[in-house]
Amino acid sequence: MEEEVNEEEVKEEVKEEEIKEESSELNEALNTIDTLQKELQEVNLLNSKLLYVNKIFKSHTLSESQKVNVIAAFDKAETVKEVKLVFETVSENVVTNKKENVTEAKLGMASKATGTTASKPEVINEVSDAVRRMQKLAGII
């Protein structure tokens, strides 16, 4: 009788140990899932920021200061929905630079610039030995 009771107690202890081990493994798995879920959300957020910033940069010609302001606006967003809202707001309010300024400057010229009649300054030929050696090695002389 005592042997049967001892065997039952041993079996119960073994079961309790197995339950503890399985519960610790389950807790570890849950912690891993939480960590991976947070990392996935972070990567998703960064990808959405990158997507929308690239869309704005490709669709508009922006100055460097405007680009910095756009990036700063996207950096403040903390969720994908906020990023989308920032994109919609920025894309509506962005003022693009026009390339017409360059063509206006070309249209204003009447003729090509002419050379001046002023004499050119004389070149000083006094050169140290080290400079002559470097010129000789470079194949200038």
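The values are calculated or read from the model by the stated rules, or taken from the named source; none is laboratory data. Predicted model only: the values in this text are computed from it and were never measured. With ideal geometry, Cβ positions are generated from the backbone for all residues, glycine too; neighbour counts draw on all protein chains shown.
List of remarks:
- Test result for Lys38, surrounded by fewer than 10 Cβ atoms within 10 Å (Cβ to Cβ) and part of a helix (DSSP H, G or I): no
- Some residue of the stretch 51-63 being of a type outside the set (A, V, I, L, M, F, W, C), surrounded by 10 or more Cβ atoms within 10 Å (Cβ to Cβ) and in contact with a Ser or Thr (Cβ under 7 Å, 6 or more places away or on another chain): yes
- Among helices (runs of 4 or more DSSP H) entirely within the stretch 70-141, having at least 1 residues that are under 26 Å from Leu46 (Cβ atoms), modelled with pLDDT of 75 or more and of a type outside the set (Lys, Arg) singles out 80-93.
- Test: residue in the stretch 1-12 that is more than 29 Å from Phe87 (Cβ to Cβ) and outside any helix (DSSP H, G or I): yes
- Filtered residues of the stretch 75-87 (kept if buried (at least 17 other Cβ atoms within 10 Å of the Cβ) and either touching an Asp or Glu at 6+ places or on another chain (Cβ under 9 Å) or more than 17 Å from His60 (Cβ to Cβ) (or both)): Ala77, Val83
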